[in-house]
Amino acid sequence: MTVNRVGLVVHGGRGEAVAAAAAVHEWCAEHAVGCTDIDVWQEGSRHSAREEVDAAGDPDLIVTLGGDGTFLRGARLAAENDAMVLGVDLGRVGFLTEVPVQAVRTALDAVLEERITVESRMLLTMRASCRLEVPAQVETLLRYGRGPMLPPPRVRVECETGSDWGVALNVTALNDVVLEKLARDRQVSVGVYLAGRLLASYSADALLVATPTGSTAYSFAAGGPVVSPRTEGLVFTPVAPHMVFNRSVVAAPDEPIAFRVLERSGQAAVSIDGQLRGVLSPGDWIGVYAAPRRLKAVRLGPMDFYGRLRERMNLTDAPAALADGTAAPLWPVTTPPPGDLAHLALPPAPEDASWRP
C-alpha cells in the first residue's frame, strides 16, 4: 500500500480547501511523496480522467478537498487509475467524505503507516446503442450557470462489440446514471428493462439507476430507498412518473438495467454522477451495469453510516415515542459481542473514539 504520489482535487472556491491543500503539499514535501494538483477546470475546458491522471503522474492516492461533488470528481480519477481516494470533508450534507479538514495531516500519517481500511465500493458502467455526445446547441443552452463540460465518453476498445450489446463506454459512476427530459413541457417516454426483460414503459421527468452509495443522493430525493453502502445492487428509481406504479426496484448486481427512448418521446439527456455526458433520441438506448472495477475508498475506522444518516438528514424522534419516557440511547451496546455474534459489523460505542483522527 505504498504511496509514492498524491493527486489533489481541490474545491478552489473555498478558502479552507485552498489552505488544506497547502497543508497536504507541506506534508508530502516532508515525507518525500510527490504531490500534483489535478485541475479539472484547467484553461476553461475539461479533460478525460485518463488525461488528468496522466498529467498528474499516475498518483497512487487521490485526496479530495471539498464536499461530495469534489469527491465524485476524485473518484472518477481514482477509478481510472485503480488508485485509492481519501475525501476531506468541507461540505454540508454529504455522505462520501471521510476526514474533517482539521485532521488532514493525521489522516495522511495513517495512510503512510497503513493504519487504514480500504473500503471497496460498487461502481456503474455503461453500454449504449451509439456513442454519447452533447449537440452544440444543447451544450450552449445548458452551459448557463455551469462550468465547462466533460468531453464525450471514450469507447472501451478492449471490450467486445455487437449490435445487441452496443458500444462499451469508458465511464464509471459512483452515485448514479440518470436519463432525464430536455424540454420542460415534455416528459421522456422510456422502456425500462431489468435483467433483459421489459419491466414497464414509463413517462416521467427522469429515470435513474443508483449504486447503494448513490442511494442517498438524487435517488433519495426522488423517493428511493436508503441502502447501506455495503450492499451490492442497482437501485432503479423513476422521477415524477405519470403512472400509478412509482416505486423503486432494487436489482441484483448481475441484473443490468436498460433504458430505451420510445418513438414518441422527446430527446433525453444522459448524466453520469451529475455531469451531462450525452443526448439520446427516440430509438436510442443505454444499458447500466455493475462495473468490473471497484472504488478504493480510504477509511480511518468503522463507518457509522446510520449515525451519519441520522445526523445529516436531521432525523428527529417521533413525539409519541418520547411522550411517556426518555429518548432511546444513541448506542446501547458497550460490551464485546458474544461468540455467536462476533461476525457482525458494528461500529464502536460512542465513547470509544480511539480510531478517530
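Here is how the numbers come out for the structure above:
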| quantity | calculated |
| --- | --- |
| Conditions (1) touching a Lys or Arg at 6+ places or on another chain (Cβ under 9 Å); (2) open to solvent by 40 Å² or more (accessible area, probe 1.4 Å); (3) not acidic (Asp, Glu); number of the one not met by LEU169 | (2) |
| Test: residue in the range 205-222 that is open to solvent by less than 50 Å² (accessible area, probe 1.4 Å), small (Gly, Ala, Ser) and closer than 24 Å to PRO282 by Cα | yes |
| Residues of the range 266-280 that turn out to be on the phi < 0 side of the Ramachandran plot and open to solvent by 40 Å² or more (accessible area, probe 1.4 Å), as a count | 2 |
| Qualifying residue in the range 57-79 (condition: over 17 Å from the mean Cα position of the chain (by Cα) and either over 22 Å from VAL118 (Cα atoms) or surrounded by fewer than 19 Cβ atoms within 10 Å (Cβ to Cβ) (or both)) | yes |
| Verdict on SER201 being surrounded by fewer than 17 Cβ atoms within 10 Å (Cβ to Cβ), among the hydroxyl-bearing types (Ser, Thr, Tyr) and farther than 22 Å from THR97 by Cβ | yes |
| Number of the condition not met by GLU263 [criteria: (1) in contact with a Phe, Trp or Tyr (Cβ under 7 Å, 6 or more places away or on another chain); (2) of a type in the set (D, E, K, R); (3) surrounded by fewer than 18 Cβ atoms within 10 Å (Cβ to Cβ)] | (1) |
| Pairs with Cβ under 6 Å, 6+ apart, first in the range 334-356 and closer than 19 Å to PHE305 by Cα, second at pLDDT below 80 and of a type in the set (Gly, Ala, Ser) | THR334/ALA349; TRP355/GLY301 |
| In the range 290-318, residue farthest from the chain's Cα centre (by Cα) [restricted to those that are open to solvent by 50 Å² or more (accessible area, probe 1.4 Å) and modelled with pLDDT of 90 or more] | PRO292 |
| Residue among GLY283, GLY278, GLY266 that is within 27 Å of PRO151 (Cα to Cα) and in a strand (DSSP E or B) | GLY278 |
| Test: residue in the range 230-253 that is within 15 Å of the chain's Cα centre (by Cα), open to solvent by 60 Å² or more (accessible area, probe 1.4 Å) and at pLDDT below 95 | yes |
| In the range 319-340, the residues that are surrounded by 11 or more Cβ atoms within 10 Å (Cβ to Cβ) and polar (S, T, N, Q) | THR334 |
| Number of positions in the range 322-333 that are in a loop (DSSP other than H, G, I, E, B), farther than 18 Å from GLY307 by Cβ and not acidic (Asp, Glu) | 3 |
| Strands (runs of 3 or more DSSP E) wholly inside the range 13-109 that include at least 2 residues being more than 23 Å from PRO292 (Cα to Cα) and in contact with a Lys or Arg (Cβ under 8 Å, 6 or more places away or on another chain) | 34-37, 61-66 |
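Results for (1) closer than 18 Å to LEU194 by Cα; (2) without any contact (Cβ under 8 Å) to a residue 24 or more places away in the chain; (3) small (Gly, Ala, Ser), shown as yes or no for each residue.
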position: ALA258; (1), (2), (3): yes, no, yes
position: VAL288; (1), (2), (3): yes, no, no
position: LYS296; (1), (2), (3): no, no, no
position: PRO319; (1), (2), (3): no, yes, no
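The values are calculated or read from the model by the stated rules, or taken from the named source; none is laboratory data. Note that this is a predicted model, so its numbers are computed, not measured. Cβ: placed from backbone, ideal geometry, glycine included. Neighbour counts: every protein chain shown. For the accessible areas, the whole protein counts, side chains as well, though only heavy atoms, and no ligand, DNA or RNA atoms are used. Shrake-Rupley method; radii C 1.70, N 1.55, O 1.52, S 1.80 Å.
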